[in-house]
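Data block below; observations after.
Please treat every number below as a calculation from the coordinates, not as lab data. The shown structure was predicted, so the numbers you read here are calculated from the model rather than taken from an experiment. With ideal geometry, Cβ positions are generated from the backbone for all residues, glycine too; neighbour counts draw on all protein chains shown.
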Amino acid sequence: MEMTRVPESGYRIIGLWISGLQRRLTLANLLFPFKVISSYIAAIRIIVHFKPDVVVGTGGYASGPLMFAAASRGIPSLIQEQNSYAGLTNKRLARKATRICVAYRGMEKYFPAEKLVLTGNPVRKDILNLTEKRERGLTTYGFSTTQKTLLILGGSLGARTINESILAGIDKLRDANIQVIWQTGKGYYQRVSEATAGQNLLKFRITPFIKEMDLAYAAADVVVARAGALSISELCLAAKPAILVPSPNVAEDHQTKNAEALVQAQAAMLLPDSEARHRLVNEALTLLFDLPRCARFSTNIQSLARPHAARDIVNEIEIMLSAA
C-alpha cells in the first residue's frame, strides 16, 4: 500500500526486494537468503547516496536491511515499536539502535531499558476534540442525533471475519433502530454490496474506504475494529468505546496482545476472531445501550492516549543529532 500512498503524498519511496520469513518450507523461504543479501546491498547504496544523519525504523522486514546498513556505517538509528509485543526485526535491531520509542509500558522485557522512551504512536491529529464535530459528523452521514451509531472498521483492505460477522447478523442490526457506518475495505465492498442489495438498509452507510475518519469517529457511539497498533492509538485519541477483534493472521499474534493491554486497563472489549461470527453483533448491540460501560471504556481508553507522539519522537531524533 505504501508504494502508492507515499508518492501520492509527494514523497519519494524506494522498494527493497524483501519479504517475511514463512513458518513452513516454501519457495519464498528458499529465496529468503538471496532477498536479504540483495536488500542489504540496495540499502547500502541508498545510505551512500542519500547520506542520512539519522535512520528511523518502524519494524517489519522492510526496515531490517536499511537499519543494519546504517549501523554498519555508524549512523545513529531510532526504532519506533508500535505494538505491545515487539516484532522480530525490532528485537534484533535493538542492540544497534541509539534510541527505542515505544507505545506501551513494560517493553523492558524486549529492549534495553536505558534506550526506551515512551512516546506512543503518531496518528492523525484531526481526531482530537471530536465532541465539537459530532453534529457535523452525524449530518454528513444523514443521521439522527437521537439514535445510537455503530462504526465498523474493516481496515483499508478489509477484514473478512468482521465483514462476515456483520453480514450474519445484519437483520438484528437493521431491526435494532440504530445507525451504522460500515467500512468494508476495498477487497470486500462488492461482495457486501451484493449481499445487502434490496435489504432496505436505510440507516446503513456502507463504503469501501472512509476518507474523513474524524467525522466517522465523531458520529460513532461504539467502534468495532481490528487491533492494529495505529487503530488502537486512534481509538485512544478518539476516546471511543470499542470492541476489538484481533486478526489471527499477523506475526506472533501481536494484535491480540495489543487488545489485551487495553482489556487490562478496562478500556475496551476483546472478542476472539474465532467467536466473532456468533457473538459480534450481539455484543455490539449490548455495548451500544450499556451507557455506564461505554462511559468507563471511554474514560479509560482516553487515559492511554499520547496526542504528542509525533512531536516527542522528533524531539528524540533532534537529541540524537545534537549528540552526534
For the range 280-296, Karplus-derived ³J(HN,Hα) couplings (6.51, -1.76, 1.60; θ = phi - 60°; whole Hz; x for glycine and proline) come out as 4, 4, 4, 5, 5, 5, 5, 5, 3, 9, 9, 4, x, 5, 4, 5, 5
Label point distance in nm, residue 275-residue 191, each placed 7 Å from Cα along Cα→Cβ:
2.4
Over the residues of the range 228-317, compute the C-alpha Rg and express it relative to 2.2 N^0.38 Å.
1.17
Which of (i) 58, 53, 34; (ii) 63, 42, 37; (iii) 60, 53, 48 is the computed Cα extents along the principal axes in Å for the structure on display?
(ii)
The range 238-286 and the range 301-324 have their Cα centres apart by a whole-number Å value of 28
With a cut-off of 8 Å between alpha carbons and a minimum separation of six or more residues, what is the relative contact order of the range 1-144 in percent?
14
Pull up all non-local amide H partners of residue 56: gap of 5 or more, or a different chain, and H-to-H distance under 5 Å with H placed in the peptide plane.
78
Starting from 0.36 nm per residue, how many nanometres of slack lie between residue 11 and residue 322 once their C-alpha separation is accounted for?
109.4 nm
Fewest-first ordering of 45, 12, 306 by Cβ atoms within 10 Å yields 12, 45, 306
Between residue 270 and residues 5 or more places away or on another chain, which pairs have amide H atoms under 5 Å apart, with H built 1.01 Å from N, and which residues are they?
244
Take residue 135 and residue 296, extend 7 Å from each Cα along the Cα→Cβ direction, and tell me the distance between the two endpoints in nm.
3.3
Using only Cα atoms, figure out Rg for the range 165-248 and give it as a multiple of 2.2 N^0.38 Å.
1.11
Please compute the contact order of the chain in relative form: average sequence separation of alpha-carbon pairs under 8 Å and at least six residues apart, divided by the residue count, as a percent.
16
Taking θ = phi - 60°, what integer Hz values does the Karplus form 6.51 cos²θ - 1.76 cosθ + 1.60 yield along the range 45-57, in sequence order, with x for Gly and Pro?
4, 5, 4, 5, 6, 7, 6, x, 8, 8, 10, 10, x
What 222 nm value per residue comes from the helices of the chain, counting each DSSP H run with n ≥ 4 as -39,500 (n - 2.57) and dividing by all residues, nearest 500 deg cm²/dmol?
-13500 deg cm²/dmol
Potential extension, residue 72-residue 19 segment - 0.36 nm per residue separation minus Cα distance:
16.9 nm
If amide H atoms are modeled at 1.01 Å from N in the peptide plane, then the residues at a separation of 5 or more from residue 205, or on another chain, having amide H under 5 Å from its own are 180, 181, 182
Want the number for residue 211 to residue 53: 0.36 nm per residue separation, take away the alpha-carbon distance, what's left?
53.4 nm
Across every pair of different alpha-carbon atoms, what Kirkwood hydrodynamic radius in Å does the range 125-302 reach?
16.0
Within 10 Å, count the other beta carbons around each residue, average over each peptide in 261-268, 225-232, 31-38, and list them highest first.
225-232, 261-268, 31-38
